[in-house]
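Notes for the one structure printed next.
The values are calculated or read from the model by the stated rules, or taken from the named source; none is laboratory data. In this text, all values refer to a predicted model and were calculated from it rather than measured experimentally. In this analysis, Cβ positions are derived from the backbone assuming ideal geometry, glycine residues included, and neighbour counts consider all displayed protein chains. For the accessible areas, the whole protein counts, side chains as well, though only heavy atoms, and no ligand, DNA or RNA atoms are used. Shrake-Rupley method; radii C 1.70, N 1.55, O 1.52, S 1.80 Å.
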Amino acid sequence: MSSGSFTSRSASISRAAAIYVRLDQKAEAVELLERLYERRYEQLATVVQRQEFTPLRDYPPFLRLLEKLNLR
């Protein structure tokens with residue numbers, strides 16, 4: 001698999017997570033973000049700080065992910 005393919009797939013996963021947030025499906029959104037963390041997606045720290053993920057800021061699983069990323 002090329003790194004471009006990995007990056008493209010990871011960007012698609014982050015967009016899907018943002019859609020789950022808009023649908024108020026927080027657990028599903030964080031599950032996708034955790035998958036990106038496990039894949040060591042380099043842009044994840046930037047992604048989780050975007051405005052579309054603001055509704056997750058008080059959601060404990062999201063806060064744990066931020067801790068893993070040293071963003072808390």
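What's the local net charge at GLU34, with K and R +1, D and E -1, over the other residues with C-beta under 15 Å away?
Its environment carries a net charge of +2.
What FRET efficiency comes out for ALA27 versus SER5 if R0 is 25 angstrom and r is the Cβ-Cβ distance? Round to the nearest 0.05.
0.35
Rounded to a whole number, what is D in µm²/s for the chain from Stokes-Einstein with the Kirkwood radius over alpha-carbon pairs (37 °C, 0.692 mPa s)?
272 µm²/s
Residue separation times 0.36 nm, minus the C-alpha to C-alpha distance between ALA16 and LEU69: what's the value?
Additional length available on full extension: 17.1 nm.
How much accessible area per residue does the chain have, counting only protein heavy atoms and a probe of 1.4 Å, in square angstrom?
Heavy-atom SASA per residue in the chain reads 65 Å².
Return the carbon/sulfur percentage of the accessible area of the chain, one whole number, probe 1.4 Å, all protein chains in place.
46 percent
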